[in-house]
Amino acid sequence: MKITDIFKQNEITVSLELFPPKPGVGLGNIKKVVSECAELKPSFMSVTCGAGGGGSYNTIEVVREVQEVNGITALAHLVCVSLGRDEVSKMLGDLKAQGINNIMALRGDLPHGVSENTGDYRYASDLIEEIHKIGDFCVGGGCYPEGHPEAETLHKDIENLKIKVDAGCQFLTTQMFFDNNILYNFMFRLLKNGIDVPVVAGVMPVTNSKQIERIFKLSGAPVPPRFKAIVDRFSDNPKAMRQAGIAYATEQIIDLIANGINNIHIYTMNRPKNAKSIMDNLSEIFV
Ligand code: FAD
């Protein structure tokens, strides 16, 4: 099923994200991770993809596992930086052959030490236009409630986002954020700029102290004082930190839904146990 139809048919959706194993290491325990996440009956499951093309084939293996083996609609990420048109066309053909018709189209970032994009696409919007020329796919894109790190201003980033939506981006998933007010402000700005496609709010349960520094560095998101207090108090007690991280993410999701943000994406990071704890907390809200 197309993800845009899932949004139309369900008042509330909760999706989960997985990442595939690195190329050359086999599928490892990912099959178990996929089936444990599928048991939670998410609205759909997305599978990330490494930049540069090589990792994309593991993405295809995992989306196959999600959709064909476990019967959950899959969303395959496709990252275009350094890719040629022929490579993109082949990957889309291979995804189509597996029955995958939902694509999260991303530009990606150049790998460390690479200074130039030698591929055929400059922005995600170029990839999105191409995907629609190649076949009948439902296409989503990324967005950044605090502005993409390369954008001069949030305003400029939202103008660029409008180009992406006009190119055929049918829904947007946000980068993780830890203060819902930032998303509410962003939603207001999107509407003002004529962006009215569904926006899926990305929530990351931060459950161990090792993740914390890396996540805030990667996302560029400032640490809200309320979250900082939790980390300061519990980060040296792994069980307490996990419990507090799950509670924080749950509360964030409940507040989002209470304020009309009905499409939630949980950055599960291949941890079905965390996804289960959050889904259990939402059992009367997401039915
Ligand atoms: P774009 O939409 O192309 O934007 C990149 C920058 O260019 C922005 O600053 C934007 O303002 C600017 N821009 C866009 N269009 C124009 C234009 N026409 N003119 C001028 N400037 C423009 N990375 C991975 O490697 N694998 C993944 O699986 C992955 N999944 C992700 C999922 C989500 C939901 C999100 C939010 C991010 C994900 N990323 C992933 C990270 C992403 O690849 C990086 O954040 C990357 O830096 C930007 O990708 P993008 O598709 O948002 O780029």
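The values are calculated or read from the model by the stated rules, or taken from the named source; none is laboratory data. Worth saying up front: this structure is predicted, and the values here are computed from it rather than measured. Virtual Cβ from ideal backbone geometry, glycine too; neighbours counted across all protein chains shown.
Please find, within region 127-139, the residue that is farthest from the ligand (Cβ to nearest atom) out of those that are over 16 Å from R85 (Cβ atoms) and touching a helix residue (DSSP H, G or I) at 6+ places or on another chain (Cβ under 7 Å).
Keep residues of region 127-139 that are over 16 Å from R85 (Cβ atoms), which gives 136, 138-139.
Next cut, touching a helix residue (DSSP H, G or I) at 6+ places or on another chain (Cβ under 7 Å) only: 138-139.
Working: C138: 15, V139: 11 Å.
By that ranking, first place goes to C138.
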request  = Could you look through region 82-126, keep only residues that are at pLDDT below 95 and among the hydroxyl-bearing types (S, T, Y), and pick out the one that is nearest to the ligand (Cβ to nearest atom)?
outcome  = S82
query = Within region 129-165, how many residues are part of a helix (DSSP H, G or I) and under 29 Å from D179 (Cβ atoms)?
reply = 12
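Conditions (1) over 30 Å from K32 (Cα atoms); (2) of a type outside the set (A, V, I, L, M); (3) within 16 Å of the ligand (Cβ to nearest atom), marked per residue:
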site: A229; (1), (2), (3): yes, no, no
site: S235; (1), (2), (3): no, yes, no
site: A240; (1), (2), (3): no, no, no
site: I253; (1), (2), (3): no, no, no
site: A258; (1), (2), (3): yes, no, no
site: R271; (1), (2), (3): no, yes, no
site: N274; (1), (2), (3): no, yes, no
query = Does region 64-76 hold any residues that are out of contact with any Leu (no Cβ under 7 Å at 6 or more places or on another chain) and not in a loop (DSSP other than H, G, I, E, B), and which are they?
reply = R64, E65, V66, Q67, E68, V69, A74, L75
query = Can you name every residue in region 179-193 that is surrounded by 15 or more Cβ atoms within 10 Å (Cβ to Cβ) and in a helix (DSSP H, G or I)?
reply = N180, I182, L183, Y184, F186, M187, R189, L190
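Residues that are assigned to a loop (DSSP other than H, G, I, E, B), within 14 Å of the ligand (Cβ to nearest atom) and not aliphatic (A, V, I, L, M): does region 42-49 have at least one? Please lay out each step first, then the result.
Our first condition is that a residue be assigned to a loop (DSSP other than H, G, I, E, B); within region 42-49, this holds for 42-43, 48-49.
Remaining after also requiring within 14 Å of the ligand (Cβ to nearest atom): 48-49.
With not aliphatic (A, V, I, L, M) added as a condition, the list becomes 48-49.
Scanning region 42-49, I find at least one residue that is assigned to a loop (DSSP other than H, G, I, E, B), within 14 Å of the ligand (Cβ to nearest atom) and not aliphatic (A, V, I, L, M), so the answer is yes.
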key: Cβ-Cβ under 6 Å pairs, at least 6 apart or on other chains, region 77-97 side part of a helix (DSSP H, G or I), far side of a type in the set (A, V, I, L, M, F, W, C) and crowded, with 23+ Cβ neighbours inside 10 Å   = L95/A76
request  = Would you please list the contacts, defined by Cβ atoms under 8 Å and residues six or more apart or on different chains, that run from a residue in region 19-34 that is at negative phi to a residue that is charged (D, E, K, R)?
outcome  = P20/E61; L27/E61; L27/E65; I30/E65; K31/E65; V34/E65
inquiry  = Tell me yes or no: at least one residue of region 24-39 is among the charged types (D, E, K, R) and under 28 Å from V81 (Cβ atoms).
reply    = no
key: Members of region 170-213 found to be within 12 Å of the ligand (Cβ to nearest atom) and touching a helix residue (DSSP H, G or I) at 6+ places or on another chain (Cβ under 9 Å), listed by number   = F171, L172, T174, Q175, M176, F177, V199, V200, A201, V203, M204
inquiry  = V200 - would you say it is β-branched (V, I, T), surrounded by 22 or more Cβ atoms within 10 Å (Cβ to Cβ) and out of contact with any strand residue (DSSP E or B) (no Cβ under 7 Å at 6 or more places or on another chain)?
reply    = no
task = Consider only pairs whose beta carbons are under 6 Å apart and that are at least six residues apart or on different chains; among these, list those whose first residue lies in region 153-169 and is more than 10 Å from the ligand (Cβ to nearest atom) and whose second residue is assigned to a loop (DSSP other than H, G, I, E, B).
result = V165/I195; V165/V197
inquiry  = Could you check region 226-267 and list, in sequence order, the residues that are farther than 17 Å from M187 by Cα, assigned to a loop (DSSP other than H, G, I, E, B) and of a type in the set (A, V, I, L, M, F, W, C)?
reply    = none
request  = Scan (1) touching a strand residue (DSSP E or B) at 6+ places or on another chain (Cβ under 9 Å); (2) closer than 19 Å to N270 by Cβ for the single condition Q98 breaks and write down its number.
outcome  = (2)
message = Step by step: first the residues of region 268-281, then only those that are buried (at least 16 other Cβ atoms within 10 Å of the Cβ) and in a helix (DSSP H, G or I), then the one that is nearest to the chain's Cα centre (by Cα). Which residue is that?
response = A275
task = Report, by residue number, each residue of region 5-32 that is within 16 Å of the ligand (Cβ to nearest atom) and closer than 24 Å to I253 by Cα.
result = F7, T13, V14, S15, L16, E17, L18, F19
